[in-house]
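Asks: Have a look at the structure that comes next, please.
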Ligand SMILES: [Zn+2]
C-alpha cells in the first residue's frame, strides 16, 4: 500500500509521490508578547500544479 498525503492548498488527497514538501514563510505572532515575527513551515503541495505559489501568496498579506 502506497503512502497518501494531502496538498496543503487545494486539499486534494494524492499519493506521496505526487506531492512535494515545500517551505513557506508567513507572518506569525508570539502569543506571549503579541509581537509579529516571520515563521516558516513545510507543507506538502501538488508537484504538477502551482499550489505552492498560491499558498505562499495567500500567506503574504
Ligand atoms: Zn494542490
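The numbers here are math on the coordinates, done by the rules we state, and not lab data. These numbers come from a predicted model, not from an experiment. No Cβ is skipped: glycine too gets one built from the backbone with ideal geometry, and neighbour counts run over all protein chains shown.
Asks: Report the Cα centroid-to-centroid distance between the range 28-58 and the range 6-26 in angstrom, as an integer.
Replies: 12
Asks: What's the FRET efficiency of residue 3 with residue 23 using the Cβ-Cβ distance as r and R₀ = 22 Å, to the nearest 0.05? Kindly include the intermediate steps, with their values, before the conclusion.
Replies: Numbers: r = 20 Å, r/R0 = 0.92.
Rounded to the nearest 0.05, the efficiency is 0.60.
Asks: Using a Förster radius of 25 Å, what is the FRET efficiency between residue 12 and residue 36 based on their Cβ-Cβ separation? Nearest 0.05, please.
Replies: On the way: r = 31 Å, r/R0 = 1.25.
The formula returns an efficiency of 0.20 here.
Asks: Using C-alpha positions alone, give me the convex hull volume of the chain per residue in cubic angstrom. Please list the in-between numbers first.
Replies: Working: hull volume 5.1 nm³, N = 61.
Measuring per residue, one finds 83 Å³ for the Cα hull of the chain.
Asks: Among 4, 32, rank each residue by its count of other Cβ atoms within 10 Å, from fewest to most, as a rough exposure measure.
Replies: Values: 4 11, 32 6.
With the sparsest Cβ surroundings first, the list reads 32, 4.
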